[in-house]
1. So which residues in the stretch 250-265 are touching a residue at least 60 places away in the same chain (Cβ under 8 Å) and under 16 Å from residue 287 (Cα atoms)?
2. I need the full set of residues from the stretch 228-267 which are near the ligand (Cβ under 10 Å from one of its atoms) and either in a loop (DSSP other than H, G, I, E, B) or modelled with pLDDT under 95 (or both), in order please.
3. Just for the stretch 183-198: of the residues that are under 12 Å from residue 163 (Cβ atoms) and among the hydrophobic types (A, V, I, L, M, F, W, C), which one is nearest to the ligand (Cβ to nearest atom)?
4. Exactly one condition in (1) free of Cβ contacts under 8 Å to residues at least 12 places away in the same chain; (2) touching a strand residue (DSSP E or B) at 6+ places or on another chain (Cβ under 7 Å); (3) within 16 Å of the ligand (Cβ to nearest atom) is false for residue 156; which is it?
5. Hey, could you check the stretch 217-249 for residues that are hydrophobic (A, V, I, L, M, F, W, C) and free of Cβ contacts under 8 Å to residues at least 40 places away in the same chain and say which is surrounded by the fewest Cβ atoms within 10 Å (Cβ to Cβ)?
6. Can you spot a residue in the stretch 251-259 that is crowded, with 16+ Cβ neighbours inside 10 Å and closer than 23 Å to residue 171 by Cβ?
7. From the list 277, 307, pick out the single residue that is within 13 Å of the ligand (Cβ to nearest atom), part of a helix (DSSP H, G or I) and surrounded by fewer than 16 Cβ atoms within 10 Å (Cβ to Cβ).
8. How about the stretch 91-129: which of its residues are within 13 Å of the ligand (Cβ to nearest atom) and in contact (Cβ under 8 Å) with a residue 40 or more places away in the chain?
Amino acid sequence: MALPRMELRELGNTGLKLSCVGFGASPLGNVFGPVPLEEAIGCVRRAFDLGVNFFDTSPYYGRTLSEKILGKCLKALQVPRSEYIVSTKCGRYGDGFDFSAERVTRSIDESLERLQLDYVDILQCHDIEFGSLDQIVSETLPALVKLKEAGKIRFIGITGLPLDIFTYVLDRVPPGMVDVILSYCHYGINDNALKDLIPYLKGKGVGIISASPLAMGILTDAGPPEWHPASPELKAACQAAAAHCKSKGKNISKLSLQYSLSNQDISTVLVGMNSVKQVEENVAAAVELATTGIDREMLSEVEAILKPVKNQSWPSGIRQT
Ligand code: NAD
């Protein structure tokens, strides 16, 4: 199936141009069920061929499995390193959190080995609400600056669920120290709380990555994985929205992804994909949005169903003092 190339968007002040749909590689760590290596290689190949140039992983996903598999998939592409952009993370691991300078400095070497790369484009402190934000400011980020100087990473990011972690850190670091933030589950049909933060982030010149447009699987026909932290009420509302779309011959995942993609201030929307079919569907959704726009009627019907749970989130992290 031949599709037009996907739109590229600038990421803050980095000079990077990211495909508007990014490849979230957490499923390659078997987070949403087993993915055979051949299927993973096929997904990454198809995504790249269709214009996806951004791949995001973490040592946390599948206890390092996602990084190892993504490394194999990228190698199998057999294209110059400059043709794809890779982001990984530090500070969150299968056995817990450690944002110390020593650990994150060791972490990047381990990640590069698993990914079979000489450098990553972006290294992000993973889910900083689980650490001390003051340590992130005074110790972790300065350690990442040294990694940047050493050429192991090109840009620095922070990720997490609560939105106030971003302002806390960005208000306390020198301008330009943090190049990008990754927010998840806050720019979808059920929750678009990230919207209010966008002017602040743009003012700081910080690039915006939005992840989990399908709210980690609750906005899909298959429904969420068993570990999903949403309340039963939120899960039920999303499943009702999915069923409503299906009854009209429409697809909730397509509508949700298109909703997330429709804000041009978001440089890339990271979707977790574990089959060639999903890759093709998600790229097709982006291309359709750019050519014919979103289905406004269906969107307002789904928004009405989700209104009672609008911007409902779940607790994440430790209490900061
Ligand atoms: P998501 O909202 O992208 O949902 C992924 C789920 O949706 C998977 O089960 C996948 O199989 C399914 N899916 C994908 N396309 C589909 C389609 N067309 N039809 C039906 N189902 C489809 O959630 P996610 O994977 O958690 O998030 C995407 C990526 O963002 C992650 O892989 C990761 O790279 C990144 N992320 C980062 C953080 C963080 O840094 N704290 C948090 C969440 C996500």
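1. Matches in the stretch 250-265: 255, 256, 257, 259, 260, 261, 263, 264.
2. Quick first cut of the stretch 228-267, residues near the ligand (Cβ under 10 Å from one of its atoms) only: 228, 242, 251-254, 256-257, 260.
Selection gives 228, 251.
3. Checked the stretch 183-198; the qualifying residue nearest to the ligand (Cβ to nearest atom) is 185.
4. The failed condition is (1).
5. Step one: filter the stretch 217-249 for residues hydrophobic (A, V, I, L, M, F, W, C), giving 218-219, 222, 227, 230, 234, 236-238, 240-243, 245.
Narrowing further to those that are free of Cβ contacts under 8 Å to residues at least 40 places away in the same chain: 218-219, 222, 227, 236, 242-243.
Values: 218: 25, 219: 28, 222: 11, 227: 9, 236: 13, 242: 25, 243: 12.
So the residue we want is 227.
6. Keep residues of the stretch 251-259 that are crowded, with 16+ Cβ neighbours inside 10 Å, which gives 251-259.
Those left that are additionally closer than 23 Å to residue 171 by Cβ: none.
Within the stretch 251-259, none of the residues are crowded, with 16+ Cβ neighbours inside 10 Å and closer than 23 Å to residue 171 by Cβ.
7. Numbers: 307 fails: within 13 Å of the ligand (Cβ to nearest atom).
Just a single option satisfies the conditions, and that option is 277.
8. Within the stretch 91-129, 91, 122, 124, 126, 127, 128, 129 meet the criteria.
The values are calculated or read from the model by the stated rules, or taken from the named source; none is laboratory data. Everything numeric here is computed off the predicted structure, so don't read it as measured data. Methodologically, a virtual Cβ is constructed for each residue, glycine included, from the backbone with ideal geometry; neighbour enumeration extends over all protein chains shown.
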